[in-house]
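Accompanying notes for the structure given below.
Readers should treat all values here as calculations from the given coordinates under stated rules, not as data from a laboratory. What you see is a predicted model; the values in this text were computed from it and never measured. FYI the Cβ positions are ideal-geometry reconstructions off the backbone, even for glycines, and counts take in every protein chain you see.
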Amino acid sequence: MTSKMLLAAFTAGAVTSAATAELVGVVGGQTNVLLDFATIQSATGLEFAGVSDGVITPGNLGADSVAFAITSPASASAPTTFNYDSSDFFGTFGGTIEHRGSISFTGSADVTLGNFTIDYLSGLDTFQVVTNLGFAGLSLFDVDITDASPLESTFDVRGDLLISNAFAIALIDLGLASTDLTGADVGDAFIQGFNQPVPAPGALAVLACTGLVARRRRG
């Protein structure tokens, strides 16, 4: 997806928001995934084996979908840092959306992928899904966005999951695919996030000073 198309998709969802000039951050929610297991098995020989504890089944994309919980910004491990101004999403967004949970496949090789990161590749004008389990740090999918509503209180995005070039190469190197699967559509994603205002730097300083004073008084 080009940057122009991506901008149009997000702008369509953002026009209903009043200009706020205030950043909001994704603080929770879930990312729903509906994978085409038949296509994956046919192309790679990998068969769906199950999901880890904590993965939501079914997700909000139908009976065969699963959903991964979005971690809180206060999480001690892999906190979500994604934030934006809903009146100017494309000009302000930054950070990553982090998740808990994994999905496993079996075949000529057993593969577990999970604790996914969704971030943005500016050079390719696309969002990507990265696994932090199994092939740790590997970009698995590019997200071809089909609909988006980056509002003040919620962040909803739908898109197609396309096998990334890096994942396609890894599949060939592992002998799991004989052809280049880059760009193959293997499923759908539906991010459902909810937001809270991001405190301004001055507000954070006040909170920090307040906490320090309270600790001194208790001491």
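Just need log10 I(q)/I(0) for the range 85-148 at q = 0.23 Å⁻¹, Debye formula, equal scatterers on the alpha-carbon atoms, no solvent, rounded to two decimals. Listed by q, the Debye log ratios stand at -1.02. In order along the range 62-72, phi translates into HN-Hα couplings of x, 4, 9, 8, 10, 9, 10, 5, 7, 6, 6 Hz, rounded to whole numbers, per the Karplus curve 6.51 cos²θ - 1.76 cosθ + 1.60 with θ = phi - 60° and x for Gly and Pro. Note on the range 88-194: with charges restricted to the Cβ of Lys and Arg (+1) and Asp and Glu (-1), its dipole about the Cα centre is near 340 debye. The S52 and T146 beta-carbon pair, evaluated with R₀ = 30 Å, returns a calculated FRET efficiency of approximately 0.60. Of the peptides 83-89, 72-78, 176-182, the order by per-residue mean of other Cβ atoms within 10 Å, starting with the highest, comes out as 83-89, 176-182, 72-78. As a ratio to 2.2 N^0.38 Å, the alpha-carbon radius of gyration for the range 44-90 is 1.64. Rounded to the nearest Hz, the phi-derived 3J(HN,Hα) couplings of the range 129-138 under the Karplus curve 6.51 cos²θ - 1.76 cosθ + 1.60 (θ = phi - 60°) are 10, 10, 8, 10, 10, x, 7, 3, x, 8, where x marks glycine and proline. The GluC sites (Glu not before Pro) of the range 13-111 that meet both conditions, a loop assignment by DSSP and at most 15 other Cβ atoms within 10 Å of the site Cβ, are E22.
Across the range 174-181, rounded Karplus estimates of 3J(HN,Hα) from the backbone phi angles (6.51 cos²θ - 1.76 cosθ + 1.60, θ = phi - 60°) give 7, x, 8, 9, 9, 10, 6, 9 Hz, Gly and Pro being marked x.
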